[in-house]
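Just below is one structure, and these are the notes that go with it.
The values are calculated or read from the model by the stated rules, or taken from the named source; none is laboratory data. All values reported here derive from a predicted model rather than from experimental measurement. Every residue, glycine as well, gets a Cβ built from its backbone with ideal geometry; the counts of neighbours run over all protein chains shown.
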Amino acid sequence: MAACSACRTVLRRHIDILQKLRQRRAHSTNNTSTKATKAGQQQHQIPTPNNVPTLNFWQRLGPLTRAAQAYARAQRKRPYVTQVCTSLVIYLCSDISAQSMGGRDYDPTRTARSLMIGSISSIPSYNWFVWLSESFNYRSRLLSLATKVVVNQICFTPVFNTYFFGMQALLSGATLPETWERITKTVPISCLNSCKLWPAVTAFTFAFIPLEYRPVFGGVIAVGWQTYLSYLNRRAEQSMAAARMAGTYLRAQRSLAATLQPFARAQPRLNSHAPRRLASTASPSTKRTPSTARNVILTTLLATTATVTYYYATDTRASIHQWLVPRLLRVLFPDAEDAHHAGTAALKTLYPLGLHPRERPPFPEDPHPTTGTGTNPLAVTVFGTTLANPIGISAGLDKDAEIADPLFALGAGVVEVGGCTPRPQAGNPRPRVFRVPAVDGLVNRYGLNSRGADAMAARLRERLRKFARRLGLSEQEVLEGGEEEVGVPTGSLLPGRLLCVQIAKNKKTDEKDMAAVIHDHVYCVQRLAPYADVLVVNVSSPNTPGLRDLQAAEPLARLLGAVVDEAKKTERKVKPRVMVKVSPDEDDDTQMDGVVQAVWMSGVDGVIVGNTTKRRTGLVKEGIKLTGKEQKALVEDGGFSGPAMFDRTLSLVGRYRKMLDSYSLKTSGVDDVFPAPKVIFATGGITNGDQALQVLNAGASVAMVYTGLVYGGSGTITRIKKEMREKLALKEA
Ligand SMILES: Cc1cc2nc3c(=O)[nH]c(=O)nc-3n(C[C@H](O)[C@H](O)[C@H](O)COP(=O)(O)O)c2cc1C
């Protein structure tokens, strides 16, 4: 969500941006035409046609237009609240109309029932339609609409009708078997009936109605539909009553005949098979069963519990994310890689349903500290973008860019996806990830398993297309607009956030064959650069043989130079920046100096300092006892990560900062304009706010987290930022 609130903010901003873009376009058209007109008038004094575009008729309905605009604003600002209010009004109107058609006295309990049903279903229904709007968008508009209609009829209609009729029955006092019977009797018929109208409504809605008016439009049709059903029911009831009267007369005749002929065969009771009033419009029987009150209480309780659970479980601050989920994952998935896949799959599934953990207020993160509602002490400017916060998620968690948005929703200012290789590769054989819980550490030798650059590019491109469609723009317009015009960085597509895409060579590519190594990277850049704010060259993974050799000054400068050149060719207004991720193990002055030289010579924009380490010394503090399994894990081949690395990371960041800055001083002449300083991101053992502040103070712009998230759960980033805010506030006080 935050993603809830982040989604709202993003949606609002997107719409604002869209309006700005349209205004700008209209303005520039008008400007050009006005200039042309003036010139024409001066030359010929001939009256020119009025080029100001006329407003559509619905934009000229005075108070009605203003009301609709106000509604749209409210919908953009607070989609969920507006949605619930809209549903309440719609269900109220629908119930009043149905009751007035029903021909009985007004029954307020029925209205209350209706409102409860409407309010519970409003947000899930809204999320469904937002998801449907964003999915199945093909080149052919007709195919897109047809798919949306079919998916809606097959998935949403039966589920919604089951919920609707089931709740109606329960709230009317029916027992569970009765409710089930009601569902089995009504849902298939109602689904068939809905085919008469709803496919057309769905298609029309997606084709012509803007997102913010869709709930109201659907609601108005629903009220009309409900009224029509009530009318049909009323007629059915009247014919039933007539049939009943005829039945009474027949029964009286038969009983007379039976009295007269005591030995005649008994006639079956006349049972009416006339259609019953539909559950959706049925008035409660006047003789209500005693279970009604109980069911109402039960349903209210259930609904309240579901709502509270939803808000709790989807909030990154919930303690279950810290104390329960990571432990549960360890128990359920003894293999750490299985747990990794399960976590990724869960986020991937929950995100489109709006059920993923997200950062919620009270910490509004306005990326622009001097504007907006409040100040943001964590805002930091990186590569010209004011980041909402300086906490990042480092590479390896989302290897194939499947969950970039859910990761941003956890509150990160930077998300690094990858490492991605040009061609798909499987990585090392399993098992290849090992836990060392005693020190909150991991050892991994994944070996850069990747589905390849083409697959990642396809995924990121689809993400960009969805974003563009939401704004009513083309993919190209977003790429060419840049942050200045579209309002968000072109990679992250979120205000105040950056998306880094990490690239690396394939294992099979010989590290000594520089041309082949460069070719691998250039291929990745060509595929992935349009979707990245920052490209990260990984020469520090300990699990690809020979990769770290590329950190020597000469080959590194050649490689980085080629990547920088290729990145500059990206067909986009704002070109992606390039960073290099260096190992914590190549840490003597000569090695670091080589990296610094290569960075300055190649024109790379910054360095990600740190990665997993091959060293095993000093990782376990005195007094900490490892189990046999942990001892084995610790000596497995691969890179170690975890809080034990923090001191080394801090020291490396300080040293790189000094060396990078002094190199720029050394190479600039007296009259030279000093080049922009190189940006540092820090990774390795950062798990709390204090450590994050320390690396930032040592010269990094972003503090990145990986293993901290594995052991601390999905609330880790929210917690780190909270601790940072508290520390900063204490300092100020
Ligand atoms: C399971 C696992 C997979 C990783 N995969 C990558 C990767 O693909 N590319 C990369 O540059 N770093 C990778 N890393 C390293 C992390 O990005 C991070 O730099 C390192 O773990 C140190 O940070 P931490 O102590 O916060 O985990 C991986 C780390 C782990 C634990």
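The helices (runs of 4 or more DSSP H) found wholly in the stretch 623-711 and carrying at least 2 residues that are among the small types (Gly, Ala, Ser) and not assigned by TED's automatic domain parsing to the domain that holds residue 413 occupy 628-634. Screening residue 679 on (1) of a type in the set (A, V, I, L, M); (2) more than 16 Å from the ligand (Cβ to nearest atom); (3) more than 19 Å from residue 658 (Cα to Cα) shows it passes everything except condition (3).
To keep it simple, each residue is scored yes or no on (1) touching a strand residue (DSSP E or B) at 6+ places or on another chain (Cβ under 6 Å); (2) within 20 Å of residue 500 (Cβ to Cβ); (3) of a type outside the set (Val, Ile, Thr).
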{"residue": "642", "(1), (2), (3)": "yes, no, yes"}
{"residue": "689", "(1), (2), (3)": "no, no, yes"}
{"residue": "704", "(1), (2), (3)": "yes, yes, yes"}
{"residue": "715", "(1), (2), (3)": "no, no, yes"}
{"residue": "720", "(1), (2), (3)": "yes, yes, no"}
{"residue": "732", "(1), (2), (3)": "no, no, yes"}
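Against the conditions (1) touching a helix residue (DSSP H, G or I) at 6+ places or on another chain (Cβ under 8 Å); (2) more than 14 Å from the ligand (Cβ to nearest atom), residue 732 satisfies every one except (1). Restrict the check to the stretch 159-176 and report whether at least one residue is surrounded by fewer than 17 Cβ atoms within 10 Å (Cβ to Cβ), at pLDDT 85 or above and either farther than 24 Å from residue 294 by Cα or not assigned by TED's automatic domain parsing to the domain that holds residue 222 (or both). Yes, the stretch 159-176 contains at least one residue that is surrounded by fewer than 17 Cβ atoms within 10 Å (Cβ to Cβ), at pLDDT 85 or above and either farther than 24 Å from residue 294 by Cα or not assigned by TED's automatic domain parsing to the domain that holds residue 222 (or both).
Whether a residue is outside any loop (DSSP other than H, G, I, E, B), among the polar types (S, T, N, Q) and at pLDDT 95 or above was assessed, and residue 349 does not pass this test. May I ask you to verify whether residue 568 is modelled with pLDDT of 95 or more, away from the ligand (no atom under 16 Å from the Cβ) and of a type outside the set (A, V, I, L, M, F, W, C)? Yes: the conditions hold for residue 568.
State all residues of the stretch 396-427 that are closer than 16 Å to residue 531 by Cα and small (Gly, Ala, Ser); if no residue qualifies, say none. Residues satisfying the conditions are 401, 404, 418, 419. Got at least one residue in the stretch 509-530 being farther than 23 Å from residue 454 by Cβ, buried (at least 24 other Cβ atoms within 10 Å of the Cβ) and within 16 Å of the ligand (Cβ to nearest atom)? Within the stretch 509-530 (the criterion being farther than 23 Å from residue 454 by Cβ, buried (at least 24 other Cβ atoms within 10 Å of the Cβ) and within 16 Å of the ligand (Cβ to nearest atom)), the answer is no, since none of the residues qualifies.
Pairs meeting the criteria (first residue in the stretch 421-449 and closer than 20 Å to residue 619 by Cβ, second residue away from the ligand (no atom under 12 Å from the Cβ) and of a type in the set (Val, Ile, Thr), beta carbons under 7 Å, at least 6 apart or on different chains) are 438/624; 439/620; 439/624.
Taking first residues from the stretch 646-660 that are farther than 11 Å from residue 695 by Cβ and away from the ligand (no atom under 12 Å from the Cβ) and partners that are hydroxyl-bearing (Ser, Thr, Tyr) and at pLDDT 95 or above, no Cβ contact under 9 Å between residues at least 6 apart in sequence or on separate chains turns up.
Being among the hydrophobic types (A, V, I, L, M, F, W, C) and more than 27 Å from the chain's Cα centre (by Cα) is the filter; apply it to the stretch 675-698 and report the residue that is modelled with the lowest pLDDT.
Going through the stretch 675-698, the residues among the hydrophobic types (A, V, I, L, M, F, W, C) turn out to be 676, 679-682, 686, 692-693, 695-696, 698.
Adding the requirement that they be more than 27 Å from the chain's Cα centre (by Cα) leaves 676, 679-680, 693, 695-696, 698.
On the way: 676: 88, 679: 98, 680: 98, 693: 98, 695: 98, 696: 98, 698: 98.
Top of the filtered list is 676.
Among the residues in the stretch 127-134, are any surrounded by 15 or more Cβ atoms within 10 Å (Cβ to Cβ) and farther than 20 Å from residue 352 by Cβ? Looking for residues that are surrounded by 15 or more Cβ atoms within 10 Å (Cβ to Cβ) and farther than 20 Å from residue 352 by Cβ, one finds none in the stretch 127-134, hence no. Checked against the criterion of being within 16 Å of the ligand (Cβ to nearest atom) and surrounded by fewer than 13 Cβ atoms within 10 Å (Cβ to Cβ), the candidates 618, 623 yield just one match: 618. Here residue 718 meets the list (1) at pLDDT 95 or above; (2) surrounded by fewer than 20 Cβ atoms within 10 Å (Cβ to Cβ); (3) more than 23 Å from residue 619 (Cα to Cα) almost entirely, failing just condition (2). Once the stretch 485-508 is narrowed to residues that are part of a loop (DSSP other than H, G, I, E, B), more than 16 Å from the ligand (Cβ to nearest atom) and among the hydrophobic types (A, V, I, L, M, F, W, C), the residue that is surrounded by the most Cβ atoms within 10 Å (Cβ to Cβ) is 493.
Counting the residues of the stretch 177-206 that are modelled with pLDDT of 85 or more, surrounded by fewer than 18 Cβ atoms within 10 Å (Cβ to Cβ) and closer than 29 Å to residue 76 by Cβ gives 3.
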